[in-house]
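Written out below as structure tokens is the structure these notes cover.
The values are calculated or read from the model by the stated rules, or taken from the named source; none is laboratory data. All values reported here derive from a predicted model rather than from experimental measurement. Please note: Cβ atoms are built from the backbone with ideal geometry, for glycine as well, and neighbour counts cover all protein chains shown. Side chains are part of the model used for accessible areas, which takes the heavy atoms of the whole protein and leaves out ligands, DNA and RNA. Shrake-Rupley method; radii C 1.70, N 1.55, O 1.52, S 1.80 Å.
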Amino acid sequence: KELQKNNVDISNIRTETGKNSNYHYVLWYAADRTILVRHEAFTYDLGQIEEPKWIYLSSLGSNSLPFHEQIADFLDAHPDTRLVFQPGTFQIKIGSEALTRIYKRTEIFFCNVEEAQMILNETSHDLPTLLRGISALGPRYTVITDQIKGAYAYDGTTMWYMPIYPGDAYERTGAGDAFASTIMSAVALGTPFEEALRWGPVNSASVIKYVGAQKGLLTREQLEDDLKKAPEDYHPQPLQ
């Protein structure tokens, strides 16, 4: 019902009889949170779909490795389809080697600092090191968030630091999802990547004013209006 209310096509959504929705448990303290993830063992199958312009791949259950191969096969057969990859708990734990084809085919990759360290088996918090490490796995654009410090991006040549959009946080669940999906949406609309980096934090700043990952998400018109109100220094800055 929520998807339909927002004019999202649900023709490819399947309900599996006898299975529950995924349940993830949020431990909330001050403005921060930890999420305990529990996926239902759904039957993952891409099915017969038309060639999309983009695929957004995010958190899936621990039984989904064959599904990743199916996605990789689909991408091989449809070179014009672009992939955004924001890995979840299982995809990080299984390791980048098992998902080599996915990483190499990724147009835009998103994760946070701690996730980048786990993916690379790296103890350093040095952002250029982490950006280069993830980029070497294959993504065209790599974006790593660092909580309230902002985000960092790399296109294989240039690195940027993107500050947060100003605002007070109440509860941070959904901030990363809003950030990543908004940047991807901006790029899909034809916005240059460097400019798209400005879009993401605006939606994150709105979501964290409320409880949960959906309330506070902005329409395009609302987001563009907030961009007009941004401080003068709110733009990607070259990272030395």
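So here's what we get for this one:
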{"item": "Answer residue from the stretch 28-49, given it is at pLDDT 90 or above and charged (D, E, K, R) and is least open to solvent (accessible area, probe 1.4 Å) among those", "result": "40"}
{"item": "Some residue of the stretch 161-183 being assigned to a strand (DSSP E or B), modelled with pLDDT of 95 or more and in contact with a Leu (Cβ under 9 Å, 6 or more places away or on another chain)", "result": "yes"}
{"item": "Filter result (free of Cβ contacts under 8 Å to residues at least 12 places away in the same chain and open to solvent by 80 Å² or more (accessible area, probe 1.4 Å)) within the stretch 190-219", "result": "192, 215"}
{"item": "Scan of the stretch 194-226 for residues that are at pLDDT 95 or above, among the hydrophobic types (A, V, I, L, M, F, W, C) and out of contact with any Pro (no Cβ under 9 Å at 6 or more places or on another chain), ordered by number", "result": "196, 199, 202, 223"}
{"item": "Residue 194 within 20 Å of residue 3 (Cα to Cα) and assigned to a helix (DSSP H, G or I)", "result": "no"}
{"item": "Filter result (open to solvent by 60 Å² or more (accessible area, probe 1.4 Å) and either assigned to a loop (DSSP other than H, G, I, E, B) or over 24 Å from residue 47 (Cβ atoms) (or both)) within the stretch 68-86", "result": "79, 80"}
{"item": "Verdict on residue 142 being within 17 Å of the chain's Cα centre (by Cα) and open to solvent by less than 30 Å² (accessible area, probe 1.4 Å)", "result": "yes"}
{"item": "Candidates 89, 158, filtered to the one that is of a type outside the set (Gly, Ala, Ser), closer than 19 Å to residue 175 by Cβ and open to solvent by 10 Å² or more (accessible area, probe 1.4 Å)", "result": "89"}
{"item": "Contacts under 8 angstrom Cβ, first residue in the stretch 162-189 being under 10 Å from residue 201 (Cα atoms), partner crowded, with 17+ Cβ neighbours inside 10 Å and basic (Lys, Arg), 6 or more apart", "result": "162/198"}
